Amino acid sequence: MTAKPDHLFDRVAEWGALVAFASRPTQTAQLGIVSGRRRMGKTYLLRALAERVGGFYFGATTATAGESLRQFGAALAEFTGAEVPIVFDSWDHAVTYLFGLAARERADKPLLLVIDEFSYLVKAVPELPSLVQREIDRYQVEPSGARLLVCGSAMSVMGGLLASNAPLRGRAQIEMVVRPFGYRDAAAFWGVDTDPALAMRLHAVLGGTPAYRRQFLADDVPLSLNDFDQWLSRTVLSPLSPLFREARYLLAEEAEIRDTALYHSVLAAVAQGNNTRGGIAGYIGRKAVDISHPLAVLEDCHLLTRERDVFRAGKSVYRMTEPLINFYEAVMRPSWARLESGQAQQVWARSKERFAAQVAGPHFEAICREFMLGDGIEMLGPDAGFGEIGCGIVTDSTARKQIQIDVAVVQPGGGGHKSAVSMIGEAKWGVTMGLNHLDRLVRARELLAGSGVDASNCRLACFSGVGFSDALRERADRDSNVLLLGLAQLYGHHAIGNRG
């Protein structure tokens, strides 16, 4: 196993999969697709891999087809040790030459070939995927050690490479999406894992994007929770910081997005809490049918995700997946002129309540669901491990109201078994939770049982970013079906109260 470089934080699973691909002993050409939004460290990862295994790496730029071809030839000349530049008359010739490096006499020795920012090349050379497909197919018959990895950040373009009618459909042996660090790994990366309150706020603003710490902020990290306000004012909210306009750039860089004003309005609607299709349409003054395309594009770009209601078939809500964009839409965009004039501290002082309600609160709920996808599920016993984790609404017809369930673990019915719920939970970021929150969950469990769902083993969970009342703690000590989880537990400790 080729050792992962010490400077490469985490990415253990990704590194192992890529090394296995690069060293696969078969004598046929292999193709891998690596994608992920910008700033995730894809280039960092692939450069390190190419260096470790002695492979070829080419990073494309935004350029014409002709200029890119010259750059490609120069990179190949450097790799092969050619004394004179390699000049290609077409991309057809270049792709043929690239695969030829690993053919015939070298077919028994895997050779890694990396083309980074492949989406740039596809924009300039639309026929490039077809040329790659031809060589991949050719070297399924003829011997070859080629291990080609193509990588890109335009998620819609990269996803389209393997679409149903795309030339490369069915040709890839590995398809990897390099995602942001999870909230725990992000805390360790930023060096704030011993301070969960700070780690959660930091993650609510910047998420798990690795490049923001070192490349954008030159390791400017908040020293403590007391330093968070000053840190935010001198970094994300400062017009002198590269992070100040980053949210705008993330949207503008997506190839499928043309009318950025419309897409910003859709994202602003979600940031304001309008997370249904009808709510978004009403917020921006359009008909629901008119926003189908923008919603689909934002999903393809991995900027929005649609979460289905686990209790109501056919219902779903939208949630932003990029915390920085959510922070921008909720806090920065409404006060953009003041921020540009250097009033970061004043804007932030007036935005803290909005941050808690529209940014930190929804983000905390998402983190609680992420926790249940990981270590948290173990608290519920072995049967819950196969359940679906999500959120939903339980309707109380008698009281004519709806009960929002922020975290739920549900086993779908089938095979003669009715659906069951293992846990329902409520998450509150800035509120000390009390018996009233637990009573609401008790009522929701009763309603679920009354609707035919098996709730006999349903546990009730209260997630809080602040804490719990003494009365609620006493109740949890007496009742093994009640779980209290605070920030310390989400970041790796045990649940408070009786765990059963």
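The values are calculated or read from the model by the stated rules, or taken from the named source; none is laboratory data. Note that this is a predicted model, so its numbers are computed, not measured. As a convention, Cβ positions derive from the backbone with ideal geometry for all residues, glycine included, and neighbour counts pool all protein chains shown.
Annotations for the structure displayed:
- Selection status of residue 349, in contact with an Asp or Glu (Cβ under 9 Å, 6 or more places away or on another chain) and over 17 Å from residue 241 (Cβ atoms): yes
- Qualifying residues in the range 399-417 (those that are of a type in the set (Val, Ile, Thr) and over 13 Å from residue 455 (Cα atoms)) - the one surrounded by the fewest Cβ atoms within 10 Å (Cβ to Cβ): 403
- Just one of the listed residues (152, 170, 182) is among the small types (Gly, Ala, Ser), under 19 Å from residue 41 (Cα atoms) and surrounded by fewer than 19 Cβ atoms within 10 Å (Cβ to Cβ), namely 182.
- Filter result (part of a strand (DSSP E or B) and at positive phi) within the range 444-490: 467
- Residue match in the range 293-315 (condition: among the hydroxyl-bearing types (Ser, Thr, Tyr), assigned by TED's automatic domain parsing to the domain that holds residue 351, touching a helix residue (DSSP H, G or I) at 6+ places or on another chain (Cβ under 6 Å) and not in a loop (DSSP other than H, G, I, E, B)): no
- With respect to the conditions (1) modelled with pLDDT of 95 or more; (2) touching a strand residue (DSSP E or B) at 6+ places or on another chain (Cβ under 8 Å), residue 222 falls short on a single one, namely (2).
- Residue that is farthest from the chain's Cα centre (by Cα) [pool: residues in the range 370-399 that are within 18 Å of residue 436 (Cα to Cα) and not small (Gly, Ala, Ser)]: 396
- Test result for residue 94, touching a helix residue (DSSP H, G or I) at 6+ places or on another chain (Cβ under 7 Å), under 24 Å from residue 167 (Cβ atoms) and aliphatic (A, V, I, L, M): yes
Yes/no per residue for (1) touching a helix residue (DSSP H, G or I) at 6+ places or on another chain (Cβ under 7 Å); (2) loosely packed, with under 15 Cβ neighbours inside 10 Å; (3) within 22 Å of residue 139 (Cβ to Cβ); (4) in contact (Cβ under 8 Å) with a residue 40 or more places away in the chain:
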site: 78; (1), (2), (3), (4): no, yes, no, no
site: 81; (1), (2), (3), (4): no, yes, no, no
site: 111; (1), (2), (3), (4): no, no, yes, yes
site: 114; (1), (2), (3), (4): yes, no, yes, yes
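- Taken together, the criteria exclude residue 288 from residues that are crowded, with 22+ Cβ neighbours inside 10 Å, among the small types (Gly, Ala, Ser) and at pLDDT below 95.
- Taking the listed residues 129, 143, 85, the one that is under 37 Å from the mean Cα position of the chain (by Cα) and not hydrophobic (A, V, I, L, M, F, W, C) is 129, with no other qualifying.
- For the range 457-485, the tally of residues that are surrounded by fewer than 20 Cβ atoms within 10 Å (Cβ to Cβ) and without any contact (Cβ under 8 Å) to a residue 24 or more places away in the chain stands at 7.
- Extreme residue, farthest from the chain's Cα centre (by Cα), among residues of the range 21-51 that are farther than 24 Å from residue 141 by Cβ, assigned to a helix (DSSP H, G or I) and among the aliphatic types (A, V, I, L, M): 50
- The residue list 439, 375, 396, 383 contains one member that is within 24 Å of residue 180 (Cβ to Cβ), of a type in the set (Asp, Glu) and surrounded by fewer than 19 Cβ atoms within 10 Å (Cβ to Cβ), which is 375.
- Strands (runs of 3 or more DSSP E) wholly inside the range 102-214 that include at least 1 residues being out of contact with any Ser or Thr (no Cβ under 7 Å at 6 or more places or on another chain) and of a type in the set (D, E, K, R): 146-152, 172-177
- Residue 447 meets each of the listed conditions (1) buried (at least 20 other Cβ atoms within 10 Å of the Cβ); (2) aliphatic (A, V, I, L, M); (3) in contact with an Asp or Glu (Cβ under 7 Å, 6 or more places away or on another chain) apart from (1).
- Meets criteria (more than 16 Å from residue 248 (Cα to Cα) and free of Cβ contacts under 8 Å to residues at least 40 places away in the same chain) for residue 296: yes
- Meets criteria (of a type in the set (D, E, K, R) and crowded, with 19+ Cβ neighbours inside 10 Å) for residue 127: no
- Residue under evaluation residue 46, criteria (1) aliphatic (A, V, I, L, M); (2) without any contact (Cβ under 8 Å) to a residue 12 or more places away in the chain; (3) closer than 20 Å to residue 171 by Cβ, criterion not met: (2)
- Index of the failed condition, residue 4 passing every other in (1) buried (at least 18 other Cβ atoms within 10 Å of the Cβ); (2) in the same structural domain as residue 172 (by TED's automatic domain parsing): (2)
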